[in-house]
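Heads up: the structure comes next, in structure tokens.
The values are calculated or read from the model by the stated rules, or taken from the named source; none is laboratory data. These numbers were taken from a predicted model, which means no experiment stands behind them. All Cβ positions, even for glycine, are placed from backbone atoms using ideal geometry, and neighbour counts span all protein chains on display.
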């Protein structure tokens, strides 16, 4: 029985790893492979010190694509997307100033990571180095893809454990 439990846990762990890897890749793969390149995008970078750069007639699929086309970007990859940590050498919270990079699309503060915001023709993007408008330090809640993926993981794990138990009992 001990060997069966170990075998079940091993199979369950393998299923969890495989399903989690697939869930993590689903979002970015769908965005890159199934959406149309938007054009005529305007982008402004506001460095928070009265210096601005304006870029016109850009193209991309996501806000991150557009930013990456025009600047040197440093980011940290999280499950929910790319967190921009520096644009053109201007780093988040430099010298403990409390300023971070945030972006707006068509005058609306974006609710998602830049690589998850799909742009449309004619969008106006503003990147601003400023004190956060959204002061929450909590990461965004898991999206439907993650919740669905976790459900699949648990279902597969349960099926594997039940099947292993049935096989063990029949061979006994």
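I'm trying to understand the selection: among the residues of segment 89-107, which are touching a strand residue (DSSP E or B) at 6+ places or on another chain (Cβ under 7 Å), assigned to a loop (DSSP other than H, G, I, E, B) and under 20 Å from residue 53 (Cβ atoms)?
Those that are touching a strand residue (DSSP E or B) at 6+ places or on another chain (Cβ under 7 Å), assigned to a loop (DSSP other than H, G, I, E, B) and under 20 Å from residue 53 (Cβ atoms): 92, 99, 106.
Starting from segment 75-101, keep only residues that are assigned by TED's automatic domain parsing to the domain that holds residue 118 and modelled with pLDDT of 95 or more, then list their pairs with residues that are assigned to a loop (DSSP other than H, G, I, E, B) and loosely packed, with under 12 Cβ neighbours inside 10 Å whose Cβ atoms are within a distance under 6 Å, requiring at least 6 positions of separation or different chains.
Correct list of pairs: 88/72.
State whether one or more residues within segment 108-116 are exposed (fewer than 13 other Cβ atoms within 10 Å of the Cβ), modelled with pLDDT under 95 and in contact with a strand residue (DSSP E or B) (Cβ under 7 Å, 6 or more places away or on another chain).
Within segment 108-116, none of the residues are exposed (fewer than 13 other Cβ atoms within 10 Å of the Cβ), modelled with pLDDT under 95 and in contact with a strand residue (DSSP E or B) (Cβ under 7 Å, 6 or more places away or on another chain).
Can you pull out every residue in segment 44-68 that is in a loop (DSSP other than H, G, I, E, B) and closer than 20 Å to residue 93 by Cα?
47, 48, 49, 50, 51
How many residues are outside any strand (DSSP E or B) and out of contact with any strand residue (DSSP E or B) (no Cβ under 8 Å at 6 or more places or on another chain) when one looks only at segment 69-86?
2
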